[in-house]
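Here's the structure, in structure tokens; my notes come after.
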Amino acid sequence: MKFGIVVFPGSNCDHDVYDILRRTMKQDVEFLWHGNHTLNNCETIVLPGGFSYGDYLRTGSIARFSPIMQEVIKFAQKGKPVLGICNGFQILLESGLLPGAMQKNKSLRFVCKYVNLRVEINRSNFTYRCEEGQILKIPIAHNEGNYYLDAERLAELEGNNQVVLRYCDADGEITEAANPNGSLHNIAGIVNKQGNILGLMPHPERASERILGSEDGKLIFQSLIDNFS
Amino acid sequence: MKEPEVTLELAVQHGLSEEEYEKICRLLGGRTPTYSELGVFSVMWSEHCSYKNSLAMLRTLPREGKVLLARPGEENAGLIDIGDGLAVAFKIESHNHPSAVEPYQGAATGVGGIMRDVFAMGARPIAALDSLRFGSLENNRVKYLFDGVVRGIGDYGNCLGIPTVAGEVYFDEAYTGNPLVNAMAVGLVKHDQVAKAIAAGVGNPVFIFGSSTGRDGIHGATFASEEISKESEERRSNVQVGDPFTEKMIMEATLELIKKGCVVGVQDMGAAGITSSASETAAKGGVGIELDLDKVPLREQGMIPYEILLSESQERMLVIGKKGREQEIIDTCEKWDLNRSVFGVVTDDRRFRVKWHGETVVNIPVNSLAAGESAPVYERETKKPQYIDELHSFDIHSVPQPENYNNVLEKLLASPTIAGKAWVYEQYDTMVRTNTMILPGGDAAVVRIKKTKKALAMKTDCNGRFVYLNPRRGAQIAVAEAARNVACTGAVPLAITNCLNFGNPLKPESYWQFKEAVLGMGDACRVLNTPITGGNVSFYNENPHGAIYPTPVIGMIGLLDNADLATSSFFRQEGDAVYLLGENKGEIGGSEYLSVLHNRVAGDAPSIDMEFERKLQDFLIQAIHERLIHSAHDTAEGGLAVALAECCFGSKNKKYGADIEIDFADLRQDFLLFGEDQSRVIVSCSRENQAASEKLAKSAGMPFTYIGRVGGDTLTINDLILLRVAELEKTYTGAIPEMMNR
């Protein structure tokens, strides 16, 4: 499968995702420049982590207007797979491709550490390789991962089983202590109704090699590859 | 603004001495300098840029070795060979003074500056480290400084996308008014893509690119060359403001330009901005440089040449382009949305000439500005301070023995200097670039190098209290400990960069500390075969309450040929044997135990035998390469007991207990458990490897004593300590957050 990784000015996890997809997952990968209007026939688009446009104004708010995003939005609306990691998730929210918004972390501090994530559903295109209830060990690194959605739409999100990953403790319990940023319902990752777009705050590309301490992130990439190939 | 008339008095206000002013007039052929020229000389001859009070001593350090690819001080950063056609560029630098006044921006721009030094060489930064010193966390101003510095480092490095992987933080009253913020950057470059900080090729265009130039940071270098005082608060405008997003764009553009081969030389505009970068590259290239200030993109109106020349606006680079390839440079800058301008040309007359509105405002021989050439070099008067003998003569045995050893261990684990630093490093992105194999919290960080089998180990170290008590020995210990930390991961220590933080060099007692420490550092580096690749000197770390502890921070780089061998500091397997590598001496002088439990900084620094230290590190590295051991952790602040506790709860995943039995012989129990004797490492190994480990130790002539076994959920040491590991960990991890939230 051919992956396209969008490079915004300020993206800084672009090379990390590239490396994992190419070297570990053995996929075709290419970078897509923010100023272009073409996706070069890529079959899956990844919006990587980082600080697009310096995250000035609000995270993801400027990236949303970049030329390439107009193409990504059309691509996503056709039901093609889009994965947004961290800043990529924030851009998906700003673009309206996923519902909700990010607030600053409850601690008002940047937080980078390994967290436990509970896989809520494995029927999703992005988690099909996982067991339901499986605990994934994947790091987070962000200033604004405090997910917010109004009560009505949150109920809808939950009702549609769109919450794919939640922050949990080592035993899989969804507790306040295990919530690293104040996110509503401990939400770490969601999909759109159609199930072709995943946004998540944790960085699966940082947890896909034994030498780095966890390979759990590979399950997400592998699910995506299996489902959309 | 009208330019003031240049007089001796004005020169003195600029921090120059009368004799220096006279020398300037002589260098100018007897004429009075223009106001701009006075500004230029004052920054270039400031301590910060000229190293005038340190250069003579720095020249005594070992600065040669087969791994060195650049002479210390010649390039933007040190450069060492690690094989596979790759080199490591690395350097540490202080940003103490700005951080004392404006902690967030002070620290942030410290990170930015050191990163530029590394990528200006064509090296992609792969890691950052930070060595920090603050006063007591009981003090609200200190909390504000600590919080601001950590946020500043985090926000800058995180946005730039460079992982902050290691460092240290000490808290001691000695740093109350004068925190230390030393930032280190490590980068990777192919041998054939190293860029030099040099101007060459008469007629080549001189570019400035990045942020536009404003009035911020004017005289930052001069500010860094005086003591902190009440007036320092008014110097807030001397502190620059950082923009990590622009830095990221500059980094990508610089690396792209170097890779394309369209530039001759690159230098970061750091301290003294346009002036230092232009004049230093010209001096190194043996050429002249002519600048037209009308071509500099400005962010403020009405700036005069003096201000433009001295501005320390951040995120600016100077590039000497290749004639005929200007368009490529312009295109690259455009791609990264960067301001750029050709504002000068390389000349053949070895003069630093600056024009503005058609007039020549600066015309100086370039060599007169360069450190170590016409710029002054002083060796100052020394005097051994009185306090040293007084503190050495303190009767250590007058300290009462504790009744409850559990309490002592818990108090030490809760002491901010020892306590867990997750509060700090969880605010840093420690993993971006997906290379960090050993995360902060252990001895040294280990960062693998993609597309090779190799990894780098890196660490900063310096116990300032030891240097205060015994500068020569304290500096040796700093080198030894940094190397030991690196060796504990299995890496071979290769070379160091240093950041020498001291008081006022014009005070004989301060200069004595400096001189002694440099001599000790040199001794240690020679024995360990770790040459000095460069670094930074920060004098005048004083405020109305006195000087800081002399703190020569060492930044060490080590190499692991096989990344798979990287060894952690914490226990990893139930039932493993625990050994003490090295000898117990019960040296309690200058320890955290004396300070925290008995409120005393006294005694002598612990003894160190550098030859023994080298053998110990060789043994460790060999044992790791033979896959004999599971973990290695050096004993440091808090001594053996604290190190054992850290081995128990160090793993982020599983915690282990340990049952330890120590032979105290005739040593005092508290001195042995909490003394900070040097050259000791706690090693664990599986049952199967015990015999082989012991045999290797014997053949290496290393004291290697079995002291117990990993297992259970408590740490027990003889009948003195019995504590649940979960409780110990809670104390250790909770201490700093609890103090910061108070």
Check: Efficiency by 1/(1 + (r/R0)^6): what FRET value for A:Leu57 and A:Arg109, r their Cβ-Cβ distance, R0 = 22 Å, to the nearest 0.05?
Finding: 0.60
Check: If one takes the longest principal axis of the Cα atoms in chain B, at what angle in degrees, from 0 to 90 and to the nearest 10, does the Cα axis of helix B:103-119 lie?
Finding: 80
Next item on the list: Kindly work out what percent of the DSSP beta bridges joining two residues of the range A:2-228 are antiparallel, to the nearest 5.
Entry: 60
Checklist line | Average Cα contact separation per residue, chain B, under 8 Å, 6 or more apart, as relative contact order % | finding: 15
Margin query: Please state the shape class of the range A:170-229: rounded when a/c is under 1.5, otherwise prolate if a/b exceeds b/c and oblate if not, all from the C-alpha gyration tensor.
Written below: oblate
Check: So what is Rg over Rh here for the range B:681-727, counting just Cα atoms and using Kirkwood for Rh?
Finding: 1.07
Notebook entry, point to check: If you place +1 on the Cβ of every Lys and Arg and -1 on the Cβ of every Asp and Glu, how big does the dipole about the Cα centre of the protein assembly as shown come out, in debye to the nearest 20?
Noted result: 2360
Margin query: Could you order the peptides B:594-601, B:287-294, B:562-569 from most to least packed, using the average number of other C-beta atoms within 10 Å per residue?
Written below: B:287-294, B:562-569, B:594-601
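How much of the DSSP beta bridge set in the range B:637-742 is antiparallel, as a percent to the nearest 5?
Numbers: 7 of 10 bridges.
Antiparallel bridges: around 70 percent, rounded to the nearest 5.
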Margin query: Taking only complete DSSP H runs, can you tell me which helices of chain A stretch 24 Å or more along their own long axis by Cα positions and average at least -1.0 on the Kyte-Doolittle scale?
Written below: none
Next item on the list: Measure nothing fancy, just the Cα-based angle from helix B:273-285's long axis to the longest principal axis of chain B, in degrees from 0 to 90, nearest 10.
Entry: 90
Checklist line | Helix-only mean residue ellipticity at 222 nm for the protein assembly as shown, each DSSP H run of n ≥ 4 adding -39500 (n - 2.57), per residue, nearest 500 | finding: -9500 deg cm²/dmol
Next item on the list: Taking the Cα centre of the range A:2-228 as origin, work out the dipole magnitude from +1 charges on Lys and Arg Cβ and -1 charges on Asp and Glu Cβ, in debye rounded to 20.
Entry: 340
Item checked: Summed buried accessible area for A+B [probe radius 1.4 Å, Å², rounded to 100] -> 2500
Next item on the list: Measure nothing fancy, just the Cα-based angle from helix B:140-160's long axis to the longest principal axis of chain B, in degrees from 0 to 90, nearest 10.
Entry: 70
Item checked: Listed residue pairs exceeding 25 Å between alpha carbons, taken from A:Lys137/B:Lys450; A:Lys2/B:Lys450; B:Lys384/B:Lys585; B:Lys454/B:Lys695; B:Lys411/B:Lys585; A:Lys113/B:Lys411 -> B:Lys384/B:Lys585; B:Lys454/B:Lys695; A:Lys113/B:Lys411
Margin query: For a quick check of understanding: with a 1.4 angstrom probe and all protein chains in place, what accessible area in square angstrom does A:Arg22 have, to the nearest ten?
Written below: 100
Note to self: Place a point 7 Å from the Cα of B:Glu583 along the Cα-to-Cβ direction; which residues of the range B:590-629 have their backbone N under 19 Å from it?
What the structure shows: B:604-620
Checklist line | Farthest positive-ward along the protein assembly as shown dipole, Cα basis, beta-carbon charges - from B:Val118, B:Val518, B:Leu369 | finding: B:Val118
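Could you do me a favour and compute the accessible area per residue for the range B:446-594, 1.4 Å probe, result in Å²?
For the range B:446-594, the per-residue accessible area is 23 Å².
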Check: To one decimal place, what orientation-averaged projected area in nm² is obtained for the convex hull of the Cα set of chain B?
Finding: 29.6
Notebook entry, point to check: Can you give the % of DSSP beta bridges in the range B:497-585 that are antiparallel, to the nearest 5?
Noted result: 65
Notebook entry, point to check: Cα-Cα over 28 Å: which of A:Lys26/B:Lys190; B:Lys335/B:Lys355; A:Lys26/A:Lys78; B:Lys66/B:Lys459; A:Lys74/B:Lys451; A:Lys106/B:Lys459?
Noted result: B:Lys335/B:Lys355; A:Lys74/B:Lys451; A:Lys106/B:Lys459
Check: Between B:Glu611 and B:Gln301, what FRET efficiency follows from the Cβ-Cβ distance if R0 is 60 Å, with the result rounded to 0.05?
Finding: 0.40
Item checked: Cα-based Rg and Dmax for the range A:2-228, where Dmax is the largest Cα-Cα distance (Å) -> 15.8, 46
Item checked: For chain B, with +1 on Lys and Arg beta carbons and -1 on Asp and Glu, the positive-most of B:His219, B:Thr34, B:Ala195 along the dipole -> B:Ala195
Check: Using a ≥ b ≥ c from the Cα gyration tensor of the protein assembly as shown (square roots of the eigenvalues), is it rounded, prolate or oblate, where a/c under 1.5 gives rounded and otherwise the larger of a/b and b/c decides, a/b for prolate?
Finding: oblate
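If you stretched the chain out fully between B:Glu5 and B:Asn599, how much longer would it get, using 0.36 nm times the residue separation minus the C-alpha to C-alpha distance?
Extra length available between B:Glu5 and B:Asn599 comes to 208.4 nm.
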Note to self: Given contacts defined as C-alpha pairs under 8 Å and at least six residues apart, what's the relative contact order of the range B:606-742, whole-number percent?
What the structure shows: 34
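Which whole-number percent gives the relative contact order of chain A, counting Cα pairs below 8 Å spaced six or more residues apart?
20
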Item checked: Three-way shape call for the range B:5-153 based on the alpha-carbon gyration tensor, with the a/c threshold at 1.5 -> oblate
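The values are calculated or read from the model by the stated rules, or taken from the named source; none is laboratory data. The structure displayed is predicted, hence computed values, not measured ones. In this analysis, Cβ positions are derived from the backbone assuming ideal geometry, glycine residues included, and neighbour counts consider all displayed protein chains. For the accessible areas, the whole protein counts, side chains as well, though only heavy atoms, and no ligand, DNA or RNA atoms are used. Shrake-Rupley method; radii C 1.70, N 1.55, O 1.52, S 1.80 Å.
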